[in-house]
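The structure appears below as structure tokens.
The values are calculated or read from the model by the stated rules, or taken from the named source; none is laboratory data. Note that the structure is a prediction, hence the values are computed from the model and not measured. Here Cβ is always computed from backbone atoms with ideal geometry, including for glycine, and neighbour counts include all displayed protein chains.
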Amino acid sequence: MLDVVFVAITIAFFVIALLYARGCDRGIGAA
Amino acid sequence: MSVPGLLQILLYAILLILVTKPLGLHMWRVYTGERTFLSPVLEPLEQAVDRLTAVDPSKEQGWVGYTFALLLFSVVGGLLTYAIERLQNVLPFNPQGLDAVSPDLAFNTAMSFTTNTNWQFYAGESTMSYSTQMAALAFHNWVSSAAGIAVAIALVRGLARRSGNSIGNFWVDTVRGTLYILLPICFVYTLFLVWQGVPQNLNPYDRATTLEGASQTIAQGPVASQEAIKMLGTNGGGFFNANSAHPFENPTPLSDFVELFSALR
């Protein structure tokens, strides 16, 4: 069970970091 | 402080200054894609890796693409490390028959090594099998160093370039850094450590009886190859719990000097 939780946390972190980078890029573009 | 101690610090500083320019020039050639003196040997290997991973070395990435590549590389490497730790009891190179690493420790170690933090919350010799030490932990000592250098180089490119939307190619930077900088130095470094007495084998631990009659376990394994990249990549995560204070990681005054030097080179 913990294995699933840890893998899910890792993938979620990856998606959030990616969305954050894309968001920053849009912000830079807008500025 | 004693005179030999002062002389050692002086020698250390002199060597560090002497190595800076040739190593810096070599790194400059590596990250600008120029040929180096190692190209005749390593270029076929680099091209094979590029072909295998479908990377076009002439194609550069913007910062989001570079970040995406770094994150993807890290998440896959992190999950792979986690899987190796959790499955080490059924994987080969486990002569001590060590159990799978517990989920929380495996996750902590996987994430820590992936991010080059290398928090060693375990005693290597009683927790990690040889396959985990080699394929998971030493692997991250290599690639998290190469990825870290690549990101630093990308940052420098971003500052130095006056125009343009690209900062290099993460895959190219990481592969070239690994092949042309870390691999040749570590190859020689590992042989040096073996010469100094660091073990490099896949044997089970030896049992010894002391003069007082007590039984003692002599832990060993593929130590030299991991020690070299541990110091060169400024990583933690030594083979043994005591790290470089262990006589099998750092057996002589000469090995101590070289290990200190390689950590700051």
Out of everything in the range B:167-195 that is over 19 Å from B:Val156 (Cβ atoms) and β-branched (Val, Ile, Thr), what residue ends up being surrounded by the fewest Cβ atoms within 10 Å (Cβ to Cβ)? B:Val188
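Considering only the range B:57-68, state which residues are more than 23 Å from the chain's Cα centre (by Cα) and either within 14 Å of chain A (Cβ to nearest Cβ) or within 23 Å of B:Leu182 (Cβ to Cβ) (or both). Walk me through it before giving the result.
Initial filter on the range B:57-68 (more than 23 Å from the chain's Cα centre (by Cα)): B:57-65.
Of everything in the range B:57-68, those that are more than 23 Å from the chain's Cα centre (by Cα) and either within 14 Å of chain A (Cβ to nearest Cβ) or within 23 Å of B:Leu182 (Cβ to Cβ) (or both) turn out to be B:Pro57, B:Glu60, B:Gln61, B:Gly62, B:Trp63, B:Val64, B:Gly65.
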The range B:177-200 residues that are without any contact (Cβ under 8 Å) to a residue 40 or more places away in the chain, paired with ones that are part of a helix (DSSP H, G or I) (beta carbon under 6 Å, 6 or more apart): B:Thr178/B:Ala146; B:Thr190/B:Ala224; B:Thr190/B:Ser225; B:Thr190/B:Ala228; B:Val194/B:Ala224; B:Gln200/B:Val194; B:Gln200/B:Ala224
Tally the residues that are more than 11 Å from B:Gly62 (Cβ to Cβ) and either of a type in the set (Lys, Arg) or within 26 Å of the chain's Cα centre (by Cα) (or both), restricting the search to the range B:155-169. 5
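Tally time: how many residues in the range B:249-262 are closer than 23 Å to B:Gln220 by Cβ, part of a helix (DSSP H, G or I) and not acidic (Asp, Glu)?
Looking only at the range B:249-262, we keep the residues that are closer than 23 Å to B:Gln220 by Cβ, and these are B:249-256, B:258-259, B:262.
Keeping just the survivors that are part of a helix (DSSP H, G or I) gives B:253-256, B:258-259, B:262.
This time we only want the ones that are not acidic (Asp, Glu), so: B:253-255, B:258, B:262.
Within the range B:249-262, residues that are closer than 23 Å to B:Gln220 by Cβ, part of a helix (DSSP H, G or I) and not acidic (Asp, Glu) number 5.
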Residues satisfying the stated conditions in the range B:233-265, i.e. over 27 Å from B:Gly177 (Cα atoms) and of a type in the set (Gly, Ala, Ser): B:Ala242, B:Ala245
Within the range B:170-188, can one find any residue that is polar (S, T, N, Q) and within 18 Å of B:Thr36 (Cβ to Cβ)? yes
Is it the case that the range B:99-112 has a residue that's more than 13 Å from chain A (Cβ to nearest Cβ), under 21 Å from B:Ala219 (Cα atoms) and either part of a helix (DSSP H, G or I) or in contact with a Gly (Cβ under 8 Å, 6 or more places away or on another chain) (or both)? no
Are any of the residues in the range B:136-149 crowded, with 22+ Cβ neighbours inside 10 Å, more than 27 Å from B:Ile218 (Cα to Cα) and within 14 Å of chain A (Cβ to nearest Cβ)? no
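From the set of residues in the range B:57-78 that are assigned to a loop (DSSP other than H, G, I, E, B) and in contact (Cβ under 8 Å) with a residue 12 or more places away in the chain, which is surrounded by the fewest Cβ atoms within 10 Å (Cβ to Cβ)?
Restricting to residues being assigned to a loop (DSSP other than H, G, I, E, B) and in contact (Cβ under 8 Å) with a residue 12 or more places away in the chain, the top hit is B:Lys59.
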Which one is nearest to the other protein chains (Cβ to nearest Cβ), of the residues in the range A:1-18 that are over 19 Å from B:Gly77 (Cβ atoms) and at pLDDT 90 or above? A:Leu2
Taking first residues from the range A:6-23 that are under 15 Å from B:Trp63 (Cβ atoms) and second residues anywhere that are of a type in the set (S, T, N, Q) and modelled with pLDDT of 90 or more, the pairs with Cβ under 8 Å that are 6 or more apart or on different chains are A:Ala17/B:Thr67; A:Leu18/B:Thr67; A:Ala21/B:Thr67
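Out of all the residues in the range B:219-248, which are assigned to a helix (DSSP H, G or I) and among the aliphatic types (A, V, I, L, M)? Give the steps one after another, and end with the answer.
Here is the first cut: in the range B:219-248, the residues assigned to a helix (DSSP H, G or I) are B:223-232, B:243-245.
Passing the criteria: B:Val223, B:Ala224, B:Ala228, B:Ile229, B:Met231, B:Leu232, B:Ala245.
Report whether or not B:Thr81 is within 14 Å of chain A (Cβ to nearest Cβ), buried (at least 16 other Cβ atoms within 10 Å of the Cβ) and under 21 Å from the mean Cα position of the chain (by Cα). Walk me through how you get there before you give the answer.
On the way: within 14 Å of chain A (Cβ to nearest Cβ): yes; buried (at least 16 other Cβ atoms within 10 Å of the Cβ): yes; under 21 Å from the mean Cα position of the chain (by Cα): yes.
So B:Thr81 passes the test.
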Unmet requirement for B:Gln88, which otherwise passes all of (1) in a helix (DSSP H, G or I); (2) surrounded by 11 or more Cβ atoms within 10 Å (Cβ to Cβ): (1)
Which of the residues spanning the range B:239-254 are hydroxyl-bearing (Ser, Thr, Tyr) and at pLDDT below 95? B:Ser244
